[in-house]
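> For reference, the structure I am asking about is given below.
A short reminder: the numbers here are calculations on the coordinates, not readings from a lab. What you see is a predicted model, and the numbers here were worked out from it, not measured in a lab. Glycine gets a Cβ as well: all are built from the backbone with ideal geometry, and neighbour counts include every protein chain shown.
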Amino acid sequence: MARIVQKFGGTSVADIDRIKNVALRVKREVDAGNEVAVVVSAMAGTTNQLVDWTRQISKLHDAREYDAVVASGEQVTAGLLALALQDLGVNARSWLGWQIPLRTDGVHGKARIEGIDTALMRERMAQGQVPVVAGFQGLGPDNRITTLGRGGSDTSAVALAAALSADRCDIFTDVDGVYTTDPRIVAKARKLDKITYEEMLEMASQGAKVLQTRSVEMAMNHRVRVQVLSSFVDLPGTLVVDEEEIVEKEIVSGIAYSRDEAKITLVRVADRPGVAAAIFGPLADAAINVDMIVQNVSEDGKATDLTFTVTKADLDRAVKVLEENRGLLGYEDLSRDANVVKISVIGVGMRSHAGVAQKMFRALAEKGINIMVISTSEIKVSVLVAEDYTELALRALHSAYGLDAA
Ligand code: ASP
Ligand code: MG
């Protein structure tokens, strides 16, 4: 007997037939003699609709009421799935965040999980009951409903799996696993059987949308075995596991891309100590995250250009902050560009191999693609290029690293 957490995303519970199909999948695990806990998202499109309603009512909405509204989608699916299971003769009961309770901090709209009390749930599971948990929501210190940020039900599921010491956390989604890159763009993309936590974390944070980044962090910290798979086909998915479990380590396992970035260049900034701090301080104060940074060497020793990226959503605010501080920063000109894409090649094998970045630069050069900014970490090389080249660059890199399916 194994203890399994099954999580079903919005497309898997998009309508009544699909909820019934999910119930059959849960029943199958139960019939196999496993202890099962289920976590559900809201029906596809529901959360977007709820968020939109809060915006229509009030632009400066109260985050507590935002949470009260957007958490409701998961309540519906938890109740419906419990009913569908009961209909199949499976003993099931819905659980809302506050009923568990799943405690979070007080950051409404983007709360972090602080603890899950599983005593009662374990008792019920031992009696053969299947808990159907509303994902995405918790209980804040103010005793009010919180939500975990968009895509947060992945994190609910992994956290519950950790708290229940589950043998596995199966995340059912609309793709049948984690691919070497986006298969909608690169037809030769391959599904990976396994990927390490570290690689999955980079893939998620560099733009692959398959899992919420926080859920991967949580899985890595608590060593939860996560499987990403589809609820529409009967195939094994991708296992996210410890590095030791992967014998054949690829130098590059995957290529992620993000169209979420925008580039800002400050032209002729004074080249003296303290300038970078003066620029990035006000941005940090405005809670604007800066990602990639390059500073050119100054030719005359006096002034230099500084280029960096922020998210597209923060671009207008970032420019405003920099313009407000122009007197202090003393740059000559500011240019902005939202038509960029960040492409990252990721792989734990990079740690022990040289020439990975070089191969990337050569492959892009051969296609005549200009690189605007480069950044690297231990298991990743990222470049910023013009957005128009997204497809071409992804395909070229996918071939260059030998990832193409035969
Ligand atoms: N329903 C929420 C969202 O759409 C949470 C989730 O699905 O993970 O963001
Ligand atoms: Mg999701």
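> For His398, His353, His108, His61, which order do you get if you count the other beta carbons within 10 Å of each Cβ and list the fewest first?
Ascending Cβ contact count within 10 Å gives the list His353, His61, His108, His398.
> Separate question: Hey, any idea what Rg/Rh is for the chain, computing Rh the Kirkwood way over Cα pairs?
Taking Rh as the inverse mean 1/r over Cα pairs, Rg/Rh reads 1.01.
> Where both partners of a DSSP beta bridge lie in the chain, what percent of those bridges are antiparallel, to the nearest 5?
60
> Expressed as an acute angle from 0 to 90° and rounded to the nearest 10, what is the orientation of the C-alpha long axis of helix 153-163 relative to the principal long axis of the chain?
60
> Something else: Report, in debye and to the nearest 20, how large the dipole of the chain comes out about its Cα centre when Lys and Arg carry +1 and Asp and Glu carry -1 on their Cβ.
With only Lys, Arg, Asp and Glu charged at Cβ, the dipole is about 420 debye.
> Using only Cα atoms, tell me the angle between helix 72-87 and the longest principal axis of the chain; keep it within 0 to 90° and round to the nearest 10.
Tilt relative to the chain: about 30 degrees.
> So what is Rg over Rh here for the range 30-143, counting just Cα atoms and using Kirkwood for Rh?
For the range 30-143, the value is 1.03.
> Relative to the first principal axis of the alpha-carbon coordinates of the chain, what is the inclination of helix 46-57, with its axis defined by its Cα atoms, in degrees from 0 to 90 and to the nearest 10?
The helix 46-57 is inclined about 60 degrees to the chain.
> May I pose another question? Report the FRET efficiency, 1/(1 + (r/R0)^6), for Asp167 and Lys312, where r is their Cβ-Cβ distance and R0 is 41 Å, rounded to 0.05.
0.55
> Please report, in whole Å, how far the alpha carbons of the range 175-314 spread along each principal axis, starting with the longest.
Projected onto the principal axes, the Cα atoms of the range 175-314 cover 62, 35, 31 Å.
> Among Phe172, Phe232, Phe136, which comes first, second and so on when ranked by fewest other beta-carbon atoms within 10 Å?
Phe232, Phe172, Phe136
> What is the fewest-to-most order of Met350, Met220, Met200, Met121 by other Cβ atoms lying within 10 Å of their Cβ?
Listed from fewest to most nearby Cβ atoms, that is Met220, Met121, Met350, Met200.
> Compare the Cα positions of Phe280, Ala303, Thr376 along the charge dipole of the range 246-388 (+1 at Cβ of Lys, Arg; -1 at Cβ of Asp, Glu; about the Cα centre) and return the one farthest towards the positive end.
Positive-end residue among those listed: Thr376.
> So for the range 272-406, considering every pair of alpha-carbon atoms, how many percent are separated by more than 17 Å?
When every Cα pair of the range 272-406 is considered, 65 percent fall beyond 17 Å.
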